[in-house]
Amino acid sequence: MAKKVILDVDPGIDDAMVLCLALFDPAIEVIAVTSTGGNVTPQVASRNLHAIIEYLDPPRLPRIGFGTEPDDGLPVDGRYVHGIDGLGGTDLPSAALLTQHPAEKVICDAVRSAPDEVTIITLAPLTNLARAFQRDPELPQLINQVVIMGGNLDVSGNITPAAEFNMYCDPIAARQVFQSPCTKTLIPLDVTNRITLTLGHLDQLPAESTKIGHFLRSILKPAFRAYRQRFGLEGIHIHDMITYMAAIHPELFTTKEVAGNVETIGELTRGMTVFDRRRVPEWQSNMEVAYFIEKEEVIQKTLEGLHYAAGCE
Ligand code: BDR
Ligand code: CA
């Protein structure tokens, strides 16, 4: 039976790449997609989400939920990598926003409709999930698993020396989710940084003549430019795609139990993930964290999944 999945996204180039694959993946049923502010404002993220789904025209339409800003606003955005519109300035036709259901309500309804069956994959700040938990305090126990793109264990942050972008944007929400009693797996930068998508991989994407091939090139090429200019890298990280793969192909990752929390107020350390690694830890384990990835297999599965999706057009 196909795994029921909710995707929480802030599209965002690597978020958009995941949508291209996930909405056609025969291994899963995407029952809902929710937008969050992060790489761009929640309004732009919602518009992008809607436009991507309209453009891709997947065989099954998920419910869509729209997010709003964290209570104390977004401290930063990701336009330095994702471009002014969050999608590298792509030529995607804009789509009208239809009924705008609140993201947290859509998450609650979707989980309640299939208790214990739903996997939530968060590829953005945790604002929506924390709000869903506030709205329905029993929800954490009704979720099969939450797989979170975020945090860093033994490598530096990517938005500050201490913090990973998704954690930094809404650390209070992240802490609420970390402390909730749901089963969760964190996919930190330690693992997502291990894969660099190169220009060689770009050539292996579905053909430019397909809708997906065209769209992927239009969003990824500007990302390559941004990574070269900003980081001096000849390739890009696809954090969200790696996280998706960890949720759908967990056999390609190795995880360990940890006790983790998020710094919410530090002057230099806001959004830093902190783990109790003392000889005798005093915090209780509350999540799994991935620390090893089968790199070649994950790239292979990514390319295969995108080709499969393009073949469904
Ligand atoms: C995360 O930050 C965003 O810019 C990406 O989409 C990803 O979710 C990586 O730190
Ligand atoms: Ca993202």
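The values are calculated or read from the model by the stated rules, or taken from the named source; none is laboratory data. As the structure is a prediction and not an experimental result, all values here were calculated from the model. In this analysis, Cβ positions are derived from the backbone assuming ideal geometry, glycine residues included, and neighbour counts consider all displayed protein chains. Calculation scope for accessible area: heavy atoms of the full protein, side chains included, ligands and nucleic acids excluded. Shrake-Rupley method; radii C 1.70, N 1.55, O 1.52, S 1.80 Å.
The figures follow:
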| item | result |
| --- | --- |
| Qualifying residues in the stretch 141-154 (those that are open to solvent by 20 Å² or more (accessible area, probe 1.4 Å) and in contact with a Pro (Cβ under 8 Å, 6 or more places away or on another chain)) - the one farthest from ligand 2 (Cβ to nearest atom) | Gln141 |
| Lone unmet requirement of (1) more than 16 Å from ligand 2 (Cβ to nearest atom); (2) out of contact with any strand residue (DSSP E or B) (no Cβ under 8 Å at 6 or more places or on another chain); (3) not polar (S, T, N, Q) for Glu257 | (2) |
| Lone unmet requirement of (1) open to solvent by 40 Å² or more (accessible area, probe 1.4 Å); (2) touching a Cys at 6+ places or on another chain (Cβ under 7 Å); (3) within 11 Å of ligand 1 (Cβ to nearest atom) for Pro125 | (1) |
| From the options Glu117, Glu138, residue that is open to solvent by 10 Å² or more (accessible area, probe 1.4 Å), modelled with pLDDT of 95 or more and in contact with a strand residue (DSSP E or B) (Cβ under 7 Å, 6 or more places away or on another chain) | Glu117 |
| Tabulated pairs, the stretch 237-253, first within 20 Å of Ala2 (Cα to Cα) and free of Cβ contacts under 8 Å to residues at least 60 places away in the same chain, second within 13 Å of ligand 1 (Cβ to nearest atom) and open to solvent by 10 Å² or more (accessible area, probe 1.4 Å), C-beta under 6 angstrom, 6+ apart or interchain | none |
| Matching option when the condition is within 13 Å of ligand 2 (Cβ to nearest atom) and on the phi > 0 side of the Ramachandran plot, among Gly86, Gly73 | Gly86 |
| Any hit, the stretch 240-253, residues being open to solvent by 80 Å² or more (accessible area, probe 1.4 Å) and at pLDDT 95 or above | yes |
| Residue within the stretch 50-69 that is closer than 21 Å to Tyr168 by Cα and surrounded by fewer than 22 Cβ atoms within 10 Å (Cβ to Cβ) present | yes |
| Qualifying residue in the stretch 293-309 (condition: of a type outside the set (Asp, Glu), outside any helix (DSSP H, G or I) and surrounded by 15 or more Cβ atoms within 10 Å (Cβ to Cβ)) | yes |
| Test result for His201, out of contact with any Leu (no Cβ under 9 Å at 6 or more places or on another chain) and over 27 Å from Gly271 (Cα atoms) | no |
| Restricting the stretch 258-292 to residues that are in a strand (DSSP E or B) and open to solvent by 20 Å² or more (accessible area, probe 1.4 Å), the residue that is nearest to Thr127 (Cα to Cα) | Asn261 |
| Check on Leu220, within 16 Å of ligand 1 (Cβ to nearest atom), touching a residue at least 24 places away in the same chain (Cβ under 8 Å), under 27 Å from Ile52 (Cβ atoms) and surrounded by fewer than 17 Cβ atoms within 10 Å (Cβ to Cβ) | no |
| Residue check, Ala96 over 18 Å from the mean Cα position of the chain (by Cα) and either modelled with pLDDT under 95 or open to solvent by less than 10 Å² (accessible area, probe 1.4 Å) (or both) | yes |
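Conditions (1) among the charged types (D, E, K, R); (2) within 16 Å of the chain's Cα centre (by Cα); (3) over 14 Å from Val9 (Cβ atoms), marked per residue:
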| position | (1), (2), (3) |
| --- | --- |
| Arg131 | yes, no, yes |
| Glu138 | yes, no, yes |
| Val147 | no, yes, no |
| Asp154 | yes, no, yes |
| Asn158 | no, yes, yes |
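To keep it simple, each residue is scored yes or no on (1) assigned to a helix (DSSP H, G or I); (2) over 16 Å from the mean Cα position of the chain (by Cα); (3) aliphatic (A, V, I, L, M).
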{"residue": "Leu7", "(1), (2), (3)": "no, no, yes"}
{"residue": "Asp15", "(1), (2), (3)": "yes, no, no"}
{"residue": "Pro26", "(1), (2), (3)": "no, yes, no"}
{"residue": "Thr34", "(1), (2), (3)": "no, no, no"}
{"residue": "Val40", "(1), (2), (3)": "no, no, yes"}
{"residue": "Gln43", "(1), (2), (3)": "yes, yes, no"}
{"residue": "Asn48", "(1), (2), (3)": "yes, no, no"}
{"residue": "Leu61", "(1), (2), (3)": "no, yes, yes"}
{"residue": "Asp72", "(1), (2), (3)": "no, yes, no"}
